[in-house]
Amino acid sequence: MEILVCVKRVPDTSENEIEVNSEGSDIERDDLVYSVNEWDNYAVEEAIQIIDKVGGSVTVAAIGDDESEEVLRREMAMGADKGILLSDEAFEKSDGRGLATILKATVEKGNYDLILTGAQSDTGAAQTGAMLAAMLDRPYASLVNLVEVIDDSTLKIGREIDGGNQEMHEIKLPCVLSIQTGINEPRYVGIRGIRKVASVEIPTLGAADLGIDTATIGDSGAKTKCIDYFVPVMGEGAEMIEGDTEEIVVKLVEILKSKGGIK
Amino acid sequence: MQIFAYIINKNGKADDTALELALAAKKLDSEAQVTAIVAGSGIDSVCQEVSAAYNDVWKIDHAALAYPDSEIMGKILPKLLPEKAVLLLAHEYLAMDMAPGLAIRMNSAYIADVTDIEGLDGSVAKLVRQEFSGMVSTHNTCDLSDGAVITIRPGVFATEETPAVGGSVVDKSGDIVIPETQRKYLETVEAEVGDVDISNSEVLVSVGRGIEEEDNIEIIKELAEAMGVDYSCSRPIVDAKWMEKSRQVGTSGKTVKPKVYMALGISGAFQHLGGIKGSPFIIAINKNPKAPIFQVADIGVEGDILEIIPELTEKVNELKG
Ligand SMILES: Cc1cc2nc3c(=O)[nH]c(=O)nc-3n(C[C@H](O)[C@H](O)[C@H](O)COP(=O)(O)OP(=O)(O)OC[C@H]3O[C@@H](n4cnc5c(N)ncnc54)[C@H](O)[C@@H]3O)c2cc1C
Ligand SMILES: Nc1ncnc2c1ncn2[C@@H]1O[C@H](COP(=O)(O)O)[C@@H](O)[C@H]1O
């Protein structure tokens, strides 16, 4: 089976304090720790496990600047066979539709039976895979937490829904799936693994290589645009307890006692 | 403007978000005609129920829709809806499956998980949404001139009152042709039941990715034991298999309604908060002072849980003697 996994380089929100820059035009990008989008890592692991069972190859593709190459290499160190960097100034400021347009052109350059995306990225939009599937007119399932290959043309999949319940479906290949976390346990990538793929060539494709009309992507193709960033205010905010650990702990115990938190 | 709202329904009842979408539609355009779309099998009671809040209800009743099939809906809605329609859905499991593809098939704009609507300037809507796990918000423009599909975060337009409109039900079931599908629904497998049912717990000590390592889970269990209460967790802890799924709080886990909720090393993503009902007293400990959890917590501590939790356990044990 030929599998394409779409992967994105994102700031690691568990490692960074995300701050809005002074103009409100973006977040402060200096000194951020970046990694592969959590969901995409599960998608790559799933792809590798599938071809380990049925044979084939895994290609990872990322839309981004040169730095995204590092994410592709990391996923290749996990076991993906090929990487494609999709990079062009014309791709910048694309909305979801624009990104899906770029990925569609990439899919059409290959011969993929299965395309995986993460369920969502740092945008929180959870849109790219579904848009790509509709553009390709291929079947789609979101939030997939189980994949079983039945035969050359059919997969059995599980979709996670509310309350942790799971919907089971049969889906025809070629199709697009968005992968939910927890579907597997992504393997560890060590420095040695990364070194091994350090010199593998990763081709870069731009709009011209993909035959994309640049009016349909980037800022000009975007029907939705992010105009500024700000810090959300959701409620009144917590009353912060200050002091050294001893003082904090004493206060916490008092509060817990008064609220019935200690049985 | 013609606005439509897709109503999630189950077992003859409309989801809470049915009313929320009616409110969101009015906030987008107070003049708009708003039509509810109710699809399913045997849905008369749902249509009646939502008609109070909408100008019209379009009923699409078909045996093939007993399971809300996003592939079928994704293909019939673009044919059924007028050109340039604006369609609202609640941003949850069905919408994530169906809505982005609908926007492509309708050739309209798409914007997901909207948390506020700031108004309309001509045909351009100004909408708020969040990025980076809720750490920052953004203002967005969405050009509605070719129509749009917009998903609304559940709960943000929650309301007690029903906007009294009082519409009528229009049966559209005869106007659709069920297409061939490439994806076939088989069954729904219920979530496994664990050793404790945290949905009934009065107090929860809940831990998130801030616990860093599996071995550290022990300190959470020790605290819960000292307090004499149950422990629970956020999703990454279950994904890593450090706790069983039945202890996960959130939209894809358990809905809990404790009196006191301790969020330890939990950032406060909306899918996590979505599982916490009944406005408990929330105590949050997090090393990041900007973590969204501090916006909803009553008491906050900026600090390292690995340092604070063992001390807290000791103090609680002292107190109990
Ligand atoms: C469809 C869908 C459904 C989902 N359903 C759920 C759900 O049901 N439940 C759920 O929880 N999530 C759910 N999620 C995932 C959700 O979006 C978040 O990814 C998740 O809640 C984050 O968990 P967390 O807060 O533990 O981790 P993170 O967001 O990584 O936060 C960890 C926090 O710990 C803090 N921290 C780190 N180290 C320390 C330390 N030593 N001391 C103190 N603080 C520390 C960090 O500052 C950070 O704020 C769902 C996602 C999707 C897409
Ligand atoms: N820039 C990108 N490059 C490659 N894949 C992407 C990119 N943006 C989004 N995706 C894919 O789409 C998924 C969902 O992202 P989103 O729609 O932004 O929430 C991600 O998990 C990726 O698989």
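Structural remarks
- Rolling a 1.4 Å probe over the protein chains gives residue B:13 an accessible area of about 120 Å².
- Residue B:66 paired with residue B:27, simple spin-label distance in nm, labels 7 Å along Cα-to-beta-carbon: 3.7
- DSSP bridge orientation in the stretch B:198-319 - percent antiparallel, rounded to nearest 5: 0
- Magnitude of the charge dipole, chain B, Cβ model with Lys/Arg +1 and Asp/Glu -1, debye to 20: 640
- These residues, B:62, B:91, go from largest to smallest accessible area, 1.4 Å probe, as B:62, B:91.
- About the Cα centre, charge dipole magnitude for the stretch A:2-221 (Lys/Arg +1, Asp/Glu -1 at Cβ), debye: 860
- Taking all protein chains as they are arranged and a probe of 1.4 Å, the heavy atoms of residue A:52 leave approximately 110 Å² accessible to solvent.
- Filter on A:93/B:172; A:223/B:184; A:8/A:53; B:26/B:259; B:259/B:290 - keep pairs with C-alpha separation over 29 Å: A:93/B:172; A:223/B:184; B:26/B:259
- For the stretch B:1-104, GluC sites (Glu not before Pro) meeting the loop criterion (DSSP other than H, G, I, E, B) and having at most 13 other Cβ atoms within 10 Å: B:31, B:83.
- Heavy-atom accessible area order for A:196, A:225, largest first, 1.4 Å probe: A:196, A:225
- Choice from A:208, A:100, A:61 showing the highest fluctuation, given a GNM over chain A with Cα pairs closer than 10 Å: A:208
- Only protein heavy atoms count here; under a 1.4 Å probe, residue A:144 has an accessible surface of about 0 Å².
- Mean Cβ count within 10 Å, highest first, over the residues of peptides B:35-47, B:215-227, B:298-310: B:35-47, B:298-310, B:215-227
- GNM top mover of B:240, B:284, B:85 - chain B, alpha-carbon springs below 10 Å: B:240
- Whole-Hz ³J(HN,Hα) from phi, Karplus 6.51 cos²θ - 1.76 cosθ + 1.60, for the stretch B:14-19, glycine and proline x: 7, 5, 3, 5, 4, 6
- Averaged over B:185-191, number of beta-carbon atoms from partner chains that fall within 10 Å: 6
- Accessible surface, 1.4 Å probe, highest first, among residues A:81, B:16: B:16, A:81
- DSSP beta bridges confined to the stretch B:2-175 are antiparallel in about 35 percent of cases.
- The charge dipole of the stretch B:1-105, taken about its Cα centre with unit charges on the Cβ of Lys, Arg, Asp and Glu (plus for the first two, minus for the last two), comes to roughly 200 debye.
- Build a GNM of chain B with springs between Cα atoms under 10 Å apart, and of B:130, B:248, B:295 the one that fluctuates most is B:295.
- Cα gyration tensor category, rounded, prolate or oblate, for the stretch A:194-240 with a/c compared to 1.5: oblate
- Förster radius 51 Å - calculated FRET efficiency between residue A:57 and residue B:188 (Cβ-Cβ, nearest 0.05): 0.90
- Positive-end residue of B:130, B:305, A:143, charge dipole of the protein assembly as shown with Cβ unit charges: A:143
- Per-pair calculated FRET efficiency, R0 = 25 Å: residue B:277 and residue B:145 via Cβ, rounded to 0.05: 0.05
- Distance histogram in 5 Å bins (all Cα pairs of the stretch B:198-319, percent per bin): 2, 12, 24, 27, 22, 10, 1, 0
The values are calculated or read from the model by the stated rules, or taken from the named source; none is laboratory data. This structure is a prediction, so every number in the text was calculated from the model and none was measured. Reconstructed Cβ throughout: ideal geometry from the backbone, glycine too, with neighbour counts over all protein chains shown. Just the protein is used for accessible areas: all its heavy atoms, side chains included, with ligands, DNA and RNA removed. Shrake-Rupley method; radii C 1.70, N 1.55, O 1.52, S 1.80 Å.
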